[in-house]
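I have placed the structure first, in the form of structure tokens, so that the comments after it can refer back to it.
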Amino acid sequence: MKSCKLCPRKCSVDRAKGETGFCGQTERLRVARAALHMWEEPCISGTRGSGTVFFTGCGLKCVFCQNYAIAGGDVGKEISVDRLAEIFLELQEQGADNLNLVTAGHFAPQIAQALDRARRQGLALPVVYNTSSYEEVETLRMLQGYVDVYLPDLKYVDSRLSGRYSHAPDYFARAGAAIREMVRQAGEPEFAVESDVGSAPEAPRRERKIGVEEYQRRSEAGEPLIMTKGVIVRHLVLPGCAEDSKRVISYLLEEYGSRIFISIMNQYTPLPHVAAYPELNRKVTPKEYEEVVDFALEQGIENGFIQEGETAKESFIPDFDQSGV
Ligand code: SF4
């Protein structure tokens, strides 16, 4: 943290001395919310909820960010590593199906410390790492052995889009390398029966390993199963960007086939701060979304999630009111 290069911005600021770089955060942990969250993919949220911790700040700061209040650093409470470990254990006590760390890369060293402490005190939940994918591979290697499930975005292939909307023309190269590292670490997807996922401290981790085929069959029959290992890459379809979405899907299928899940999302919500980008100031139409989903099906996608119905509502964006912090 003395010359921070945790993410591809490589700001080289001394966060230990209170300096801040692009992410806007010193070395002090800041958290905006820690609560059970139901709006992730079914194998992440389950029926009990994902124990989601929203960290303040972001190394990407997309202009259309759905969590702009925390990405921009406006909300969040400073906490210690010990308090973060306690929060993890509190979420486990509340019955969470996993810990879900949202935009945590700029605090990766402190998170590893907090997970060590919480595990010594009985934390048994799978750990989900939820990221924009604008990450340094070295930082991800620091998390090896701490993270069970990676939940990365792949937002764009086109550098003009990533330059305009995320100030990162190198996004695709960086995110591609980061996702490769995540797949290397997490390997093939595995699932467990929800009631076996360790909410009780004495419950063994990964008591039962369920592979993808059995997962597909049993989840279609309505059985709640939780991902305990693997990678789900998310892609949010943006207005007017269906062609780039197809390039994202093609890339993921060519590189990883059925070794990962792909989640194609239609929940883009234009918020007031996007007004300077008029082309983004509308929802994605059903036709645009269907075009991307149909393309994925034509390309032979086997492991995927799609969203149905009206998900593009501000009410799906949680209150960053420091609940649970
Ligand atoms: S984590 Fe923050 S300070 Fe460090 S390189 Fe990334 S944006 Fe810069």
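Read-outs: derived from the displayed coordinates by stated rules, not from any lab. The shown structure was predicted, so the numbers you read here are calculated from the model rather than taken from an experiment. Because the Cβ atoms are built from the backbone with ideal geometry, glycine has one as well, and the counts that use them run over all protein chains shown.
Could you grab me the full set of residues in region 226-274 that are polar (S, T, N, Q), assigned to a strand (DSSP E or B) and crowded, with 21+ Cβ neighbours inside 10 Å? Once the filter is applied, which keeps residues that are polar (S, T, N, Q), assigned to a strand (DSSP E or B) and crowded, with 21+ Cβ neighbours inside 10 Å, region 226-274 yields only 228. Checking region 58-69 against the condition returns a match, with at least one residue being farther than 28 Å from residue 198 by Cβ, in contact with a Leu (Cβ under 8 Å, 6 or more places away or on another chain) and part of a helix (DSSP H, G or I). Consider region 19-60 and keep the residues that are within 12 Å of the ligand (Cβ to nearest atom) and among the charged types (D, E, K, R). The one that is farthest from residue 236 (Cα to Cα) is 19.
On inspection, residue 123 does not qualify as assigned to a helix (DSSP H, G or I) and touching a residue at least 24 places away in the same chain (Cβ under 8 Å). As a summary of the residue check, residue 16 satisfies the conditions (1) more than 9 Å from the ligand (Cβ to nearest atom); (2) farther than 30 Å from residue 225 by Cβ; (3) buried (at least 18 other Cβ atoms within 10 Å of the Cβ); (4) of a type in the set (Gly, Ala, Ser) except for the one numbered (3). Within region 19-59, the set of residues being crowded, with 24+ Cβ neighbours inside 10 Å and free of Cβ contacts under 8 Å to residues at least 40 places away in the same chain comprises 56 only.
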